[in-house]
Amino acid sequence: MDRIVIRGGVPLAGTVTIGGAKNAALPLLAASLLSAEPLVLANIPDLADITTMANLLVQHGVAITIPAELASGARGGRGRVLELSARHITSTTAPYDLVRKMRASVLVLGPLVARCGRGRVSLPGGCAIGTRPVDLHIEGLRRLGAEVELNEGYIEARAPKGLRGAEIVFPCVSVGATENLLMAATLAAGETVLINAAREPEITDLAHCLVAMGARIEGIGSDRLTIRGVTSLHAARHRVIPDRIETGTYMMAAAATGGEVRLEGARLDHVEAVRRILDAAGVCVTEAADGGPEGAILVRRRNGRLAGVDVMTEPYPGFPTDMQAQIMALMAIAEGASMITETIFENRFMHVPELARMGANITVHGASALVRGVPRLTGAPVMATDLRASVSLVLAGLVADGETTVNRVYHLDRGYERIEDKLSACGARIERLRG
Ligand code: EPZ
């Protein structure tokens, strides 16, 4: 198993290019199932989770190719371009072996039922960050007229006469359930209204792509989405938005090390909540004047130590749960105390004992962690059981005295493209040890 070794203490300086958003690309890939005509997606990041979703789609019968005009080696700008053609869906079952690797596999359920009248997806089960049920996905499909049963570990949904529009009120905000039902509703007869829908930029991106495919959606960007069903969707091209969590993570890397970094292709409007917290902690985040059409962000720590700031995770536009572990690494070296409260997932503090092994002073009380900043961390061998927890250990390693070895790097590879290359290009002493 690969490991990442970091020798801390170098302020980062340089440019990092931000890739396409993993959590936007995953539902967009699943959306290809909705149409018999091809969907071309640009700026797809090269990540393990994307490969898992592609493998799942291929076993449903989707043909995935690099478009002819790009096959000669050009990559259409940053990121990969993929053409997905779901002309013939050969299987409506998403098997356990693929779903257990990645919970987002459940996103094929809505499109399969909407297009084929049936879908069978293995129940994802729990995961490292909590129990994570899919009841809202199931209830929503029932509201759209599907019969849904749980059988031998599978969700089996049937709508032989097609789905029909309905009003769906989400009792709590769910990114995945909003995406699944938004996709399903595009082909349902009549009008669907999703109330208390998630508003994450990844959902807005999905909605824009669906509109390009011929879907009729109003209220994009709000918590109330109105979808008027159409009988079929058509071919489209779409470019995936930049990854706001990758952006935020590198913002924190610059802040932690006291360096100055330019994030190329990043969108400041998608990381406003993170910018506000960093500003209060003593970090200056601005839009680069010469960012070009894709934009760029500049990050620079003001003089002196970071200041402790209280943080609470919330659905977008609040502070993202996917940045909670990273801000904790930062607060671990800040001056003063910080209370970090996790409101989205019940078990997302696995990084705490690992940060403590590096000298952090953190006490967890239920959903809150009290972080008392220390002047310095010390390197240690560490590991984590999820993606964002792992990257928080990389951030801690970048500022720690001595050597930090982050084990179980495959978690990082699920969501951070070439992280060791991007950081070492800014001067970090970081390398991957294979095997
Ligand atoms: C998405 O997960 C992201 N994954 C997660 O990113 C992210 O942490 C999460 O949204 C919250 O922002 C993808 O986009 C692929 P939810 P998702 O449904 O859709 C509860 C990362 O590191 N809930 O918004 O699964 C649930 O248990 C990952 O990239 C139900 O109770 O999250 C949680 O407490 C990790 N019933 C809350 O809602 C349901 O049917 C929010 O979950 C669905 C969710």
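The values are calculated or read from the model by the stated rules, or taken from the named source; none is laboratory data. The structure displayed is predicted, hence computed values, not measured ones. Ideal geometry is used to build each Cβ from the backbone, glycine not excepted, and the neighbour counts take in all protein chains shown. The accessibility values were calculated without ligands, DNA or RNA, using every heavy atom of the protein model including side chains. Shrake-Rupley method; radii C 1.70, N 1.55, O 1.52, S 1.80 Å.
Of note:
- Cα-centre dipole for the chain with unit charges at Cβ (Lys and Arg positive, Asp and Glu negative), debye to 20: 360 debye
- The stretch 79-86 - phi-based ³J(HN,Hα) in whole Hz, Karplus 6.51/-1.76/1.60, Gly and Pro as x: x, 8, 10, 10, 10, 10, 10, 9
- In Å², nearest 10: area of Arg418 left accessible to a 1.4 Å probe: 130 Å²
- Cα Rg over Rh - the chain, Kirkwood: 0.98
- When a 1.4 Å probe is rolled over the protein heavy atoms, the share of accessible surface on the chain that falls to carbon and sulfur comes to 50 percent.
- FRET efficiency for Asp46 and Glu335, using Cβ-Cβ distance with R0 set to 35 Å, rounded to 0.05: 0.35
- Under 15 Å from a label point set 7 Å out along the Cα-to-Cβ vector of Asp290, the amide N atoms of the stretch 259-273 belong to 262-265.
- Using a probe of 1.4 angstrom and keeping all protein chains present, the accessible surface of the stretch 134-199 works out to 42 square angstrom per residue.
- Modelled FRET efficiency - R0 25 Å, Glu37 with Glu167, Cβ distances, 0.05 increments: 0.25
- Across the stretch 400-425, the residues whose backbone nitrogen lies under 12 Å from the label position 7 Å along the beta-carbon direction of Met1 are 406-412.
- Set of lysines near Lys22 by C-alpha distance (under 21 Å), chain-local residues within fewer than 8 positions excluded: Lys101, Lys422
- Extension gain for Ile64-Arg276 works out to 72.3 nm (0.36 nm per residue, less the C-alpha to C-alpha distance).
- Annotation for the stretch 202-240 versus the stretch 266-281: alpha-carbon center distance of 27 Å.
- Degrees, to the nearest 10: 387-399 long Cα axis against longest axis of the chain: 20 degrees
- Extension gain from Glu260 to Glu218, taking 0.36 nm per residue of separation minus the Cα-Cα distance: 11.1 nm
- Per-residue ellipticity at 222 nm from helix content only, as computed over the chain with -39500 (n - 2.57) for each DSSP H run of at least four residues, stands at -8500 deg cm²/dmol.
- Only Lys, Arg (+1) and Asp, Glu (-1) charged, at Cβ; the stretch 113-158 dipole about Cα centre in debye: 220 debye
- Solvent-accessible ranking of Glu156, Glu272, largest area first, probe 1.4 Å: Glu272, Glu156
- Accessible solvent surface per residue of the stretch 328-414, calculated while the other protein chains remain in place, 1.4 angstrom probe, Å²: 36 Å²
- Solvent-accessible ranking of Ile6, Ile64, largest area first, probe 1.4 Å: Ile64, Ile6
- Sites Glu431 and Ala128 - FRET efficiency at Förster radius 35 Å, r taken between beta-carbons, to 0.05: 0.85
- Here each label is just a point 7 Å from Cα along the line to Cβ, and for Thr343 and Thr90 those points are 4.7 nm apart.
- At a probe radius of 1.4 angstrom, the accessible area of the stretch 207-299 per residue rounds to 38 square angstrom.
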